[in-house]
Each structure stands twice: as C-alpha cells, then as structure tokens.
Amino acid sequence: MPLLEVQELTTYFDTRQGTVRAVDGVSFSINKGETLGIVGESGSGKSVTCYSIMGLVPRPPGRLVRGKALFEGHDLLAMSDRQLNTIRGHKIAMIFQDPMTSLNPYLRIETQLIEPLLIHRICDRSEARRLALDMMDAVGIPDARNRIRLHPHEFSGGMRQRVMIAMALIAKPDLLIADEPTTALDVTVQAQILELIKTMQKDLGMAVILITHDLGVVSGFCDRINVMYAGQVVESGTADHIFYHALHAYTRALKKSIPSTQSKGQRLYTIPGVPPQLMGERPVCAFAPRSDLKVTPEEEAMPSQFREVSPGHWVEIHPTTVENYHQFITQ
C-alpha cells in the first residue's frame with residue numbers, strides 16, 4: 001500500500017473576479033523511501049496541491065471541492081485541525097519556499113527547532129536541545145552550540161534554509177514535502193541542499209515530494225515525476241520516461257528550456273505565450289494556445305484523455321499536445 005495516495009484532489013479559490021481552479025482533479029501516489037518530483041511553471045498548482053494535503057489552504061478564499069489524500073490509510077482531507085496537528089511536523093513535515101518568512105523573526109533558532117519535539121511530546125526540553133544541536137551539525141551549520149541562540153536575521157539565506165531542513169527532519173517524519181527548497185540560492189548552495197536532503201532521506205528511510213519549476217533540478221534526484229499545467233497533471237512517469245520519452249508538448253517545452261541543453265551562443269528557448277487564466281469554463285486542452293503542433297479546428301475540439309501509454313507512463317493525449325495523436329488514441 002502506498003504511503004500517500006491522492007485521489008481527484010480539487011481545490012478552488014473564490015475571488016471577486018470569479019472562481020480560480022487552482023488544482024483540478026490531481027491524483028498520484030508515493031511509496032516509502034521514494035522521491036516524487038512535481039514540476040511546472042509558477043501558477044501550475046504545485047504548491048497548492050501540497051498545501052491542500054497538509055490542510056494549510058486558508059478557508060476562505062480556498063475551498064476543497066472533492067478528493068481524498070490517504071496517508072497510511074487515513075484520509076487527511078477528512079481530518080479536523082486537531083487531528084492534523086498530530087501528523088503535521090511529526091509524520092509529515094514540510095520545507096517552505098522562503099525561510100525568511102517561514103521562520104519567526106522574534107524567536108531564537110533554538111526555540112523554533114525544538115518546538116516539534118515538545119509539541120508532539122517526543123522528548124523533554126534538555127533532550128530536545130541536544131537533538132537540535134545534533135541536527136544543526138547534520139545539516140552543516142557550523143558552531144551550532146553558539147549559533148543556536150541566534151535569531152533568523154543573523155543567518156545567511158543558505159543557513160536559514162538549512163535551519164528549515166533541520167526543523168522539518170528533527171522529528172524524523174515518514175514524508176517530507178520540499179516546496180522549492182533551493183529558490184533564490186546560488187548553484188553551489190543549491191547542490192549542497194539537494195545532496196543534504198538525499199542523504200537524510202537515505203538515513204531516515206523517508207519519502208520525499210520535491211516541488212520545483214526546474215526540470216534540471218529533478219533530473220538526478222527523483223524516482224518519478226509529475227508534470228503539472230493549469231492545475232492538472234499532464235504527464236507522469238519515471239525520470240527516464242520524462243527525460244528520454246516525453247510525449248506531452250509542455251513537457252518537451254520544459255526540457256528545451258533547460259539552459260544546459262542549449263548550444264553555446266544560441267538564444268535561450270522560452271515557451272511562447274503565458275499560462276492560462278484558471279477562471280471560467282475550462283478549455284478542452286489548456287496548453288493548446290501555446291503548443292507548436294499545428295492542428296485543424298476539428299482536431300482542436302477533440303476531447304483529451306489521460307491514458308497510460310506504457311507501464312507507469314501516463315500522458316494527457318490531445319492533438320495539440322501529443323504528436324501522432326491517433327496512434328495513441330487507438331491503442
């Protein structure tokens with residue numbers, strides 16, 4: 001049985017301009033010890049998907065329309081806040097995008113690090129402080145004994161991110177959700193952070209969900225990858241499927257956008273157009289206006305289908321997004 005199984009997760013936001021379909025029927029699963037990458041442009045629904053699972057979407061304006069998130073057989077979406085609080089920070093932990101806004105600027109690092117251990121009654125305060133120091137050492141924060149008494153503004157961006165990782169891992173969770181943990185970090189620190197997460201994952205045997213907009217980041221890090229666009233998963237498969245056998249036009253465009261794949265001196269590729277507005281009636285294919293595949297109006301009006309084209313490889317099939325559409329639709 002999967003550690004986490006998400007079924008038809010749908011989250012909308014009610015605004016003055018209309019209802020925003022931020023996440024619209026997302027399904028996936030992750031096993032113990034596995035790493036799942038969720039990639040896509042900003043606004044594709046990656047973070048909202050995981051915030052919904054954790055019960056962190058503000059209501060209002062957000063609302064859960066339907067879906068299930070079965071963690072160890074229990075539906076997280078049906079739990080009360082009191083029940084979720086026994087799981088968040090203990091069984092499931094999250095690294096948020098911006099450590100400067102996620103850390104409390106008024107509290108010392110020590111207070112924030114030991115909080116999960118005290119709230120979940122894992123140990124007493126003295127043992128919690130010892131574990132906090134050990135975790136700071138493990139994530140590569142030098143002079144932990146003195147720096148644990150500092151405030152967040154006294155740390156660099158990379159060190160604050162390491163503190164966030166230490167906070168997420170200190171209770172040894174079964175599932176870690178890393179929401180763009182390397183945003184705004186330089187390439188060297190980014191590589192160190194990802195290597196650190198991978199090492200801690202191996203030591204603890206936990207599952208990891210990595211959210212990012214950069215396919216290059218997940219290329220050597222994830223076992224499986226979900227590509228999201230306009231609130232939906234448009235392609236899902238192993239890393240080999242996504243990087244060597246990608247079928248969806250959006251996935252191929254993301255791959256072309258990786259700078260390291262460009263020839264020296266060549267103009268960097270960018271996906272034409274902008275992501276769609278997620279209000280009003282959903283189009284048959286959200287990516288159609290940006291696709292480079294030329295189709296007739298009749299083909300553009302054809303319904304799309306999310307199908308398994310090979311074992312473990314699922315793709316949203318539509319004439320505007322998949323070459324040789326008819327070949328796959330008749331299988």
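Compute the length gained on full extension between residue 151 and residue 270: take 0.36 nm times their separation in residues and subtract their Cα-Cα distance, giving the result in nm to one decimal.
That pair, residue 151 and residue 270, stretches by 38.8 nm at full extension.
Would you mind getting the accessible area per residue of the range 18-172, heavy atoms of the protein chains only, 1.4 Å probe, in Å²?
Averaged over the residues of the range 18-172, the accessible area is 46 Å².
Out of 206, 328, 236, whose Cα points farthest toward the positive end of the dipole of the chain (charges: +1 Lys, Arg; -1 Asp, Glu; placed on Cβ)?
206
What size of dipole, in debye to the nearest 20, comes out for the chain about its Cα centre when the only charges are +1 on Lys and Arg C-beta atoms and -1 on Asp and Glu C-beta atoms?
On the way: 34 positive and 36 negative charges, 144 e Å.
Approximately 700 debye in magnitude.
For the range 76-228, what is the convex hull volume of its Cα atoms per residue in Å³?
Details: hull volume 18.8 nm³, N = 153.
Each residue corresponds to 123 Å³ of Cα convex hull volume.
Using amide H atoms built 1.01 Å from N in the peptide plane, name the residues 5+ places from residue 209, or on other chains, whose amide H lies under 5 Å from its own.
36, 176, 177, 178
Would you kindly state how much longer the chain becomes between residue 104 and residue 29 on full extension, computed as 0.36 nm times their sequence separation minus their alpha carbon distance, in nm to one decimal?
23.7 nm
Treating only the Cα positions of the range 140-239 as identical point scatterers, give the base-10 log of I(q)/I(0) from the Debye formula at each q in 0.16, 0.25 Å⁻¹.
Here the Debye-derived log intensity ratios amount to -0.76, -1.47.
Tell me the label-point distance for the pair residue 308, residue 66, using the 7 Å Cα-to-Cβ offset, in nm and rounded to one decimal.
Inter-label distance under the simple model: 2.2 nm.
If you roll a 1.4 angstrom probe over the protein chains with everything in place, what fraction of the accessible area of the chain belongs to carbon and sulfur, to the nearest %?
Working: 8300 of 16170 Å².
Of all accessible area on the chain, carbon and sulfur atoms account for 51 percent.
For the chain, what is the percent of antiparallel DSSP beta bridges, rounded to the nearest 5?
In the chain, approximately 60 percent of DSSP beta bridges are antiparallel ones.
Tally the DSSP beta bridges in the range 176-331 and give the antiparallel ones as a percent, rounded to 5.
If we restrict to bridges inside the range 176-331, about 75 percent are antiparallel.
Summarise the long-distance tail of P(r) for the range 240-331 by giving the % of C-alpha pairs beyond 22 Å. Display every interim value, and only then the final one.
Values: 1433 of 4186 pairs.
The proportion of pairs with Cα distances above 22 Å equals 34 percent.
Select from 164, 190, 3 the residue farthest towards the positive end of the dipole of the chain; place +1 on Cβ of Lys and Arg, -1 on Cβ of Asp and Glu, and compute about the Cα centre.
164
Once amide H atoms are built 1.01 Å from N in the peptide plane, which residues 5 or more positions from residue 29, or in another chain, come under 5 Å H to H?
6
For the chain, how big is the tail of P(r) above 28 Å, as a whole percent of Cα pairs?
Result: 45 percent of Cα pairs exceed 28 Å.
Can you flag which of 172/198; 91/172; 91/202; 198/255 are past 19 Å Cα-Cα?
Beyond 19 Å: 198/255.
To the nearest 20 debye, what charge dipole does the range 226-331 have about its Cα centre, counting +1 at the Cβ of each Lys and Arg and -1 at the Cβ of each Asp and Glu?
Using Cβ point charges on Lys, Arg, Asp and Glu, the range 226-331 gives about 520 debye.
Over all directions, what mean area does the Cα convex hull of the range 1-139 project, stated in square nanometres?
10.3
Once you wrap a convex hull around the alpha carbon atoms of the range 183-261, what is its projected area averaged over all directions, in nm²?
5.8
Residue 199 to residue 292: FRET efficiency via 1/(1 + (r/R0)^6), r the Cβ-Cβ distance, R0 41 Å, to the nearest 0.05? Numbers along the way, then the final one.
Working: r = 40 Å, r/R0 = 0.98.
Once rounded, the FRET efficiency stands at 0.55.
If you place +1 on the Cβ of every Lys and Arg and -1 on the Cβ of every Asp and Glu, how big does the dipole about the Cα centre of the range 35-109 come out, in debye to the nearest 20?
180
Just to verify a number: what accessible area does residue 306 come out at with the full protein assembly present, 1.4 Å probe, Å² rounded to tens?
90
Would you calculate the separation in nanometres between label points at residue 1 and residue 281, each defined as 7 Å from the Cα along the Cα-to-beta-carbon direction?
Once both label points are built, they end up 4.3 nm from each other.
What value, in deg cm²/dmol to 500, does the helix sum -39500 (n - 2.57) over DSSP H runs of n ≥ 4 give at 222 nm once divided by the residues of the chain? Before the final figure, lay out the partial values.
Numbers: 13 runs with 105 residues, N = 331.
Calculated from helices alone, the mean residue ellipticity at 222 nm is -8500 deg cm²/dmol.
The values are calculated or read from the model by the stated rules, or taken from the named source; none is laboratory data. If you're wondering where the values come from, they're calculated on a predicted model, not measured in any experiment. Cβ sites come from the backbone with ideal geometry, for glycine too, and all protein chains shown count toward neighbours. We work out accessible area using only protein heavy atoms, side chains counted, and drop any ligands, DNA or RNA first. Shrake-Rupley method; radii C 1.70, N 1.55, O 1.52, S 1.80 Å.
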